[in-house]
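One structure is given here, and the rest of the page talks about it.
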Amino acid sequence: MRLFSNTLLPDPEEHKNLKWQCLKSNCPQSCCFIPDRTFVVLEEVLSLSRHFPVVINIEVDQEGKEQRLLCAYFRLKEDKKGCVYLKDGMGCLIEEEKPYTCRQYPFFIREGYLALDLTCPGFSEVEGVAFWEGQFVNPLFERDFYTYSLRIEEGKAQTEEFVNTLFDLGLVVGGRISYEDVEVSFNMVDEERLFELPTDTLRLLSKKGYTKLIYSHLNSLQNWERLIKRYISG
């Protein structure tokens, strides 16, 4: 089932008995097994580049609008074992550094409020932590989920500006990596084109902090090999 296929804004009266808990290894539909990638915002790039390939995607949303995104890849699409950092009996091995989208799920922001994805089977009226405390959202959910949802929303414009700058400067090219007869294609920054930019442009990129992000992206590409090796071993 597709994530975020059954969403709603909770109502303190209509959903007053709503509870949630992460079912972990007992989950019949683990969110760690469904996506092969997630979009990320700029403030995540440095940390995520140590764990995942962080590349530039051109995707089309449900309304047919083209989107330019930074994406971290969890696994190869053909790999059915879920995220490369998902460990049986332990869960996520990088809990403190996993993407904001993982940290927020199954919650997200809609119209400024914390919304729910009922695709997640952890919601019920029987077991778990109560979502409401009277007319207010339980502070636990505000702290552990709303915070990361808010960081995503606040970081979208800055991230879009960064990615568009890369395209405007003609730095984005198609990349490819092959390992043990498995080949992966993606979009990346061309380092040679970066070197050829005028000095003033390079200085501006550095001033904005973009140069560090570009090299974090380029260094992250070595993580494709880890994903490929895991797929082959399966």
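Nothing in this text is a laboratory measurement; each read-out follows from the coordinates by a stated rule. On a predicted model such as this, the values are computed, not experimentally measured, just so you know. Note that we place each Cβ from the backbone using ideal geometry, even for glycine, and neighbour counts take in every protein chain shown.
Look at the Cα gyration tensor of segment 138-216: its axes a ≥ b ≥ c give a/c of at least 1.5 with a/b at or below b/c, and that counts as oblate.
What value, in deg cm²/dmol to 500, does the helix sum -39500 (n - 2.57) over DSSP H runs of n ≥ 4 give at 222 nm once divided by the residues of the chain?
-9000 deg cm²/dmol
So between Lys16 and Leu46, what do we pick up on full extension, going 0.36 nm a residue minus the alpha carbon distance? Display every interim value, and only then the final one.
Details: separation 30, 0.36 × 30 = 10.80 nm, distance 4.01 nm.
Computed gain between Lys16 and Leu46 is 6.8 nm.
What percent does the relative contact order of the chain come to when contacts are Cα pairs within less than 8 Å and at least six residues apart?
On the way: 340 pairs, mean separation 68.3, N = 234.
The value is 29 percent.
Extending 7 Å from the Cα toward the beta-carbon at both Lys81 and Glu225 defines two label points whose distance is 1.8 nm.
For percent of Cα pairs over 32 Å apart, pick the label among (i) 27; (ii) 34; (iii) 17 that corresponds to the value derived from the coordinates. Here the calculated entry is (i). Result for the chain in a Gaussian network model with C-alpha springs under 10 Å: among Phe162, Phe108, Phe195, the largest mean-square fluctuation is at Phe195.
Each label point was placed 7 Å from the Cα along the Cα-to-Cβ direction; for Asp168 and Arg110 their separation is 3.4 nm.
Scanning residues 5 or more positions from Lys16 or on other chains, none has an amide H under 5 Å from its amide H, with H placed 1.01 Å from N in the peptide plane.
In this structure, Thr7 and Arg176 have a Cβ-Cβ separation that, at R0 = 45 Å, corresponds to a calculated FRET efficiency of about 0.80.
GluC sites (Glu not before Pro) within segment 180-234: which are DSSP loop residues with at most 15 other Cβ atoms inside 10 Å?
Values: sites: Glu180, Glu183, Glu191, Glu192, Glu196, Glu225; in loops: Glu180, Glu196.
Here the sparse-neighbourhood loop sites are Glu180, Glu196.
The spacing between segment 50-96 and segment 15-37, judged by their C-alpha centroids, is 17 Å.
Which of Ser124, Ser220, Ser185 ends up with the largest GNM mean-square fluctuation for the chain, with Cα atoms connected below 10 Å? Its mean-square fluctuation being the largest, the pick is Ser185. Computed from backbone phi, the HN-Hα couplings of segment 28-36 come to x, 9, 5, 5, 6, 9, 7, x, 9 Hz, rounded to whole numbers (Karplus: 6.51 cos²θ - 1.76 cosθ + 1.60, θ = phi - 60°; Gly and Pro given as x).
Quick one: of Lys77/Lys156; Lys77/Lys98; Lys208/Lys229; Lys24/Lys65; Lys98/Lys208, which pairs are farther than 31 Å apart, Cα to Cα? Show your work: numbers first, answer last.
Numbers: Lys77/Lys156 25 Å; Lys77/Lys98 19 Å; Lys208/Lys229 36 Å; Lys24/Lys65 35 Å; Lys98/Lys208 25 Å.
Checking Cα-Cα distances, Lys208/Lys229; Lys24/Lys65 exceed 31 Å.
Computed from label points 7 Å out along Cα-Cβ, the spacing between Glu125 and Arg203 is 6.6 nm.
Placing unit charges on C-beta atoms (Lys and Arg positive, Asp and Glu negative, everything else neutral), compute the dipole magnitude of the chain about its Cα centre in debye, rounded to 20.
On the way: 28 positive and 37 negative charges, 119 e Å.
Value, rounded to 20: 580 debye.
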